[in-house]
1. Among what's in region 300-309 and is under 19 Å from ALA150 (Cα atoms) and open to solvent by 10 Å² or more (accessible area, probe 1.4 Å), pick the residue that is farthest from the ligand (Cβ to nearest atom).
2. Check region 278-289 and report whether any residue there is open to solvent by less than 20 Å² (accessible area, probe 1.4 Å), more than 15 Å from the ligand (Cβ to nearest atom) and assigned to a loop (DSSP other than H, G, I, E, B).
3. Just to check your reading of the model, which residue among THR354, THR374 is open to solvent by 10 Å² or more (accessible area, probe 1.4 Å), touching a Ser or Thr at 6+ places or on another chain (Cβ under 8 Å), in contact (Cβ under 8 Å) with a residue 60 or more places away in the chain and β-branched (Val, Ile, Thr)?
4. Residue check: is TYR297 within 16 Å of the ligand (Cβ to nearest atom), under 26 Å from the mean Cα position of the chain (by Cα) and more than 18 Å from ALA426 (Cα to Cα)?
5. Among residues belonging to region 177-211 that are farther than 25 Å from ASN78 by Cα and among the aliphatic types (A, V, I, L, M), point out the one that is most open to solvent (accessible area, probe 1.4 Å).
6. Sort out which residues of region 98-112 are out of contact with any Lys or Arg (no Cβ under 7 Å at 6 or more places or on another chain) and crowded, with 21+ Cβ neighbours inside 10 Å, and write them in order of number.
7. In region 25-48, how many are surrounded by fewer than 23 Cβ atoms within 10 Å (Cβ to Cβ), of a type outside the set (Asp, Glu) and either closer than 23 Å to SER193 by Cα or touching a helix residue (DSSP H, G or I) at 6+ places or on another chain (Cβ under 7 Å) (or both)?
8. Could you check how many residues of region 427-459 are more than 22 Å from HIS366 (Cα to Cα), in a loop (DSSP other than H, G, I, E, B) and open to solvent by less than 50 Å² (accessible area, probe 1.4 Å)?
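The values are calculated or read from the model by the stated rules, or taken from the named source; none is laboratory data. Note that this is a predicted model, so its numbers are computed, not measured. Every residue, glycine among them, receives a Cβ derived from its backbone with ideal geometry; neighbour counts consider all protein chains shown. To get the accessible areas, we keep the full protein, side chains included, count just its heavy atoms, and leave off ligands, DNA and RNA. Shrake-Rupley method; radii C 1.70, N 1.55, O 1.52, S 1.80 Å.
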Amino acid sequence: MIIPAVSAALLLLANPASAAAPTPGDPGIGDPYYPTYGNGGYTVSHYDLRLKYQPSTDELQGTATLLTTATQDLSRFNLDFALDVSEVLVNGHPARFSATGEQELEITPATPLAKGSNATVVVRYSGVPSKVSRYGFTAWLRTPDGGVAAGEPESAWWWFPSNDHPSDKATFDVSVLVPEGTQAISNGVLTSSSSQLGWTRYNWRENKPQATYLATLAIGRFDVTTQTSSGGLPVINAYSRDLGDNDGSARASVERTGELADWLSGVFGPYPFSALGGYVPNVNTHFALETQTRVFYSPAQFAGGANPSVVVHELAHQWYGDSVSLKRWSDIWLNEGFARYAQWLWSEHEGEGTAQELADYLYATHPADDPFWTVKPGDPGPANQFHPAVYDRGAAAIQALRNAVGDDRFFQILRAWPAEHRYGNATVADFQALAERISGKKLGDLFQTWLYTAAKPAASTAALAKPAAAAKGSVKEPRSWKQIEATNDIHGQDRN
Ligand SMILES: [Zn+2]
């Protein structure tokens, strides 16, 4: 049958059902480890968060404005959020909304959103985040003088609505009103602050794409220090005024941020962001987290004295994890293997044990029947996402790569990755492809052995470089070993 063009057009107009009807966006973005995290049907390019926080009661009020683009014809879409919502506007029009599941906020705009169109979504909300439990925990850390949002993979739900998955990165403006005398710390640059009628507003800006779990907020009584790095970047650090005996060791570590970032720039290439620093709030947790440009450190990380190694770890993530983010949570080796390997390189630099000695010691001290070897760093599963094997075996995998391709090619690969994928997302397979391209070697067997096999590799990393060296005798503990292992509780297991 042949239908003249004019008639076909009329037929379409007369019969809208023949065009695809708008459909709801998926309640998850498709992550194999966390099926409900993130959402389908749209992306976010910018978050504007205007917040008010009262430290004495832990009450948070907010208005979030999200700039979104529909990736399908949308009748409805979800955000991820856990606080109480009072109003949602889409393009200025009230939208219907309801909270479903653990952290889903279902939004039905008055009119469907066409694929490719931009929509401005405004969400007004309030809550007491420390009292809101999801999956049995809250990522909001209450302190005697305020609160902190820091957690991986979950932390955004307790302070702003989002498309909560690292594969959808956006720029952020965070504006926080707090009682005068209290500070509000977030990512990026402090663009301004002003006080009026007993309240102070802090305006923070992160102008490079940022994953939602890397957004952070800390409110409390902080001593804020500012410097300019030798590379000209603003360094802003903040210390709770109640760190007690850990105050000196925290400062003796975190005040070295500029120096250590400069050293890492020599390894990984230019620092990717417009600001840097860290903060140490008065929390009881033990972990540290690579929140973008402004690293979160628990005071416990400094209980044994200064710990530049943990600063190196978290700053390494600014290249490996923050600027180049994983595409799925199963790619976690791209974050933790490389941040641990940076600690090994720092140890090598400090003369406290080379990366090879650390890899040898690791290999020698975990016998073949140690369950340690059953964790596959390239796909550890959600329960083992932050298992020490992801870090240590993950770093040994990188040493194996170094030995297989030689130092020149190896360090070229380390710099090429953050250069080629800057501000984007990538997978372990992408890394293998880049390493193969630069080295001119097939690396499938090496990646399979070190990242994807639930068993101890038959040959040590040293064997890759010098087969004769494989059969050496007892291996001494490198001097840096204990301090590096002491940073093993750095991520996320501190849920109470
Ligand atoms: Zn890490």
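1. As a first pass, look at region 300-309 and keep what is under 19 Å from ALA150 (Cα atoms): 300-302.
From the residues that got through so far, the ones that are open to solvent by 10 Å² or more (accessible area, probe 1.4 Å) too are 300-301.
Working: ALA300: 16, GLN301: 12 Å.
Filtering region 300-309 for residues that are under 19 Å from ALA150 (Cα atoms) and open to solvent by 10 Å² or more (accessible area, probe 1.4 Å), the one farthest from the ligand (Cβ to nearest atom) comes out as ALA300.
2. Keep residues of region 278-289 that are open to solvent by less than 20 Å² (accessible area, probe 1.4 Å), which gives 278-281, 283, 285, 287-289.
Checking which are more than 15 Å from the ligand (Cβ to nearest atom) leaves us with 279-281, 283.
Applying the additional criterion that residues be assigned to a loop (DSSP other than H, G, I, E, B) yields 281, 283.
So far as region 278-289 goes, yes, one or more of its residues are open to solvent by less than 20 Å² (accessible area, probe 1.4 Å), more than 15 Å from the ligand (Cβ to nearest atom) and assigned to a loop (DSSP other than H, G, I, E, B).
3. On the way: THR374 fails: touching a Ser or Thr at 6+ places or on another chain (Cβ under 8 Å).
Selected residue: THR354, the only one of THR354, THR374 that is open to solvent by 10 Å² or more (accessible area, probe 1.4 Å), touching a Ser or Thr at 6+ places or on another chain (Cβ under 8 Å), in contact (Cβ under 8 Å) with a residue 60 or more places away in the chain and β-branched (Val, Ile, Thr).
4. Numbers: within 16 Å of the ligand (Cβ to nearest atom): yes; under 26 Å from the mean Cα position of the chain (by Cα): yes; more than 18 Å from ALA426 (Cα to Cα): yes.
Against the criterion (within 16 Å of the ligand (Cβ to nearest atom), under 26 Å from the mean Cα position of the chain (by Cα) and more than 18 Å from ALA426 (Cα to Cα)), TYR297 qualifies.
5. That would be LEU197.
6. To start, the set of residues in region 98-112 that are out of contact with any Lys or Arg (no Cβ under 7 Å at 6 or more places or on another chain) comprises 98-101, 104-105, 109-112.
If the condition is that a residue be out of contact with any Lys or Arg (no Cβ under 7 Å at 6 or more places or on another chain) and crowded, with 21+ Cβ neighbours inside 10 Å, then LEU105, PRO109 are the ones that fit.
7. 4
8. Taking region 427-459 first, the residues more than 22 Å from HIS366 (Cα to Cα) are 427-444.
Still in the running and in a loop (DSSP other than H, G, I, E, B): 427, 440-443.
Narrowing the set further to residues that are open to solvent by less than 50 Å² (accessible area, probe 1.4 Å) leaves 427, 443.
Qualifying residue count, region 427-459: 2.
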